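Peer 1: There's a structure below that I have some questions on.
Only the coordinates and a few stated rules stand behind these numbers; no lab work does. Keep in mind that this is a model prediction, so the values were computed, not measured. Positions of Cβ are backbone-derived with ideal geometry, glycine not excepted, and every protein chain shown enters the neighbour counts.
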Amino acid sequence: MPPLDDPAAAGQRSGGRVAGQSYAPPAPKSAGTGSNWPFRDYTDVQPAALREAYEWWQDICRDVAPRRRARRMEQADLARDAGISLNTVQRIERGDWTAAHNLFLVCSVLGLRIEQTVEVADPRPPSPADRAARRGLARPATHDRVATREEVLAGRAVLTALARHHELAEPRVDLNGTVYVHAPRSGDFGPLWRFSTVLAQTLGVWVNVSADQAAANRNEAQLL
């Protein structure tokens, strides 16, 4: 077989294949290792450009479905407003590759900007052995101040509505402003992360969120 940079080999490129071999990388949902998409670990992916593309795609696509639901839109509504097919919207929400301009159209409809994802600290679930990390959530770099109890109470209506949307029950707040919620599944930090991020974007200040009910009881957190 001639080398891929050989002109003769170049003539064999067609249908997503190079010299008879597929050259398209796998979709982000199946590349890398660790937790299932949208929390895959692409650390060992080479070259660096492909690794960064996976991370970029995952960071943006994982916010599409929560943002769509927050706007009370069905997938068909999003497809219509973006001018793309329903199948394309479903592929994006599943973590499949699609033409980049389709993702840009979806982001435009949802008001989702790249800077809202690339400046956010890594939200991948911490190790089960790291108890301290499991109790906390990473904070976006753009929010350098944490909400006080008074600010949380002032935004009570928005906070409780967002908690219901993300299926987080019984939001409570302690004297320090930390909000405690019941997560739908133990150990699943996805809903907490998405709730915290959207809440910060809405209120303009980061709110510490925890699912540690023992801490909520110790700190005498009160229902909102």
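Peer 1: At 7 Å along Cα-to-Cβ for each site, give me the label-to-label distance between Val158 and Leu86 in nm.
Peer 2: In this crude spin-label approximation the distance works out to 3.4 nm.
Peer 1: With an 8 Å Cα cut-off and a minimum separation of 6 or more residues, compute the relative contact order for region 56-112 in percent.
Peer 2: Dividing the mean separation by the residue count of region 56-112 yields 39 percent.
Peer 1: Using a Förster distance of 25 angstrom, determine the FRET efficiency expected from the C-beta separation of Ala49 and Arg94, and round it to 0.05.
Peer 2: Calculated transfer efficiency: 0.60.
Peer 1: Additional query: How long is the gain from Asn176 to Arg72 if the chain were fully straight, where each residue apart is worth 0.36 nm and the alpha carbon distance is subtracted?
Peer 2: Separation in residues times 0.36 nm, less the Cα-Cα distance, equals 34.2 nm.
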